Amino acid sequence: MFALTVLLVCVQPDDSVLAVGMVDGLLSIQHRNKASKVAETKRKKVSFHYRLKGKTFNAQKEDLVVTNKRREKMAPYDKLLKRFEHTKALDAAMEPHVRQQTPEVTMGVLQELIRRGVLRPALAGRDTRQLQGILRFIQKHLCKPHFTSTLLDVMGELLDLYEGEIAGNAVLEAQVAQVKVTVDREVAYLRTCCR
């Protein structure tokens, strides 16, 4: 079997004639049959059978397969970060199902907020319920070595922003005390390890 290289392909505007020119000087001119043209115009709506054409085809080894990549959907917090809506992005990352099932995602959002220098504005304007969720997250994951430095930065910002509100709220004071106990326990553990 030999391969011919095509130089030129021309098609008549009404698709009645096809002309192909090859490298070796061969010229092929093909005329469409009138009967096939009439049959084509009488064709009814495309049925389900024809829509499947090509979808059930299995490619051979020598075939070049071009895959259609579907566009990945962005998570809500990624969309919000892309639009520079930092407070809403933090809210989306602190949703209970996100922070409990994938704490690394919440950490990634916090780290991105720190990197952009907008952690303080993103944490500002929180109510008691939202602060409880953030403090619970900090207390739960503070002992993980790859989370510690970021969570200490977040805790420092929280204490700076909400010092007065925490002092007047018994629930928040209790949670901050629990975080302090966790930090003290971790420091004692590290001292023991250093010995």
*Among all residue pairs at least 6 apart or on different chains, which show Cβ distances below 6 Å where the first residue, located in segment 81-94, is part of a loop (DSSP other than H, G, I, E, B) and the second is open to solvent by less than 60 Å² (accessible area, probe 1.4 Å)?*
M94/G133
*Would you be able to say whether some residue in segment 62-73 is under 25 Å from H146 (Cα atoms) and out of contact with any helix residue (DSSP H, G or I) (no Cβ under 9 Å at 6 or more places or on another chain)?*
no
*Keeping to segment 120-146, report how many residues are in contact with a His (Cβ under 9 Å, 6 or more places away or on another chain) and open to solvent by 10 Å² or more (accessible area, probe 1.4 Å).*
1
*Determine, yes or no, whether F84 is at pLDDT 90 or above and exposed (fewer than 13 other Cβ atoms within 10 Å of the Cβ).*
yes
*Test L135 against the stated conditions and say whether it is touching a residue at least 12 places away in the same chain (Cβ under 8 Å) and over 20 Å from Q100 (Cα atoms).*
no
_Residues being farther than 22 Å from M107 by Cβ, open to solvent by 80 Å² or more (accessible area, probe 1.4 Å) and at pLDDT below 90 - total across segment 147-190_ = 2
*asked:* So M74 passes all but one of these: (1) in contact with a Lys or Arg (Cβ under 8 Å, 6 or more places away or on another chain); (2) in a loop (DSSP other than H, G, I, E, B); (3) surrounded by 17 or more Cβ atoms within 10 Å (Cβ to Cβ). Which condition number does it fail?
replied: (3)
*Can you run down the residue pairs with Cβ atoms below 6 Å, 6 or more apart or on separate chains, where the first is in segment 20-34 and closer than 14 Å to C10 by Cα and in a strand (DSSP E or B) and the partner is open to solvent by 90 Å² or more (accessible area, probe 1.4 Å) and not small (G, A, S)?*
G21/L7; G21/L8; G21/L27
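The values are calculated or read from the model by the stated rules, or taken from the named source; none is laboratory data. Only a predicted model underlies this, so the values are computations on that prediction, with no experimental measurement involved. Note that we place each Cβ from the backbone using ideal geometry, even for glycine, and neighbour counts take in every protein chain shown. Note: accessible area is taken over every heavy atom of the protein model, side chains too, but ligands, DNA and RNA are not part of it. Shrake-Rupley method; radii C 1.70, N 1.55, O 1.52, S 1.80 Å.
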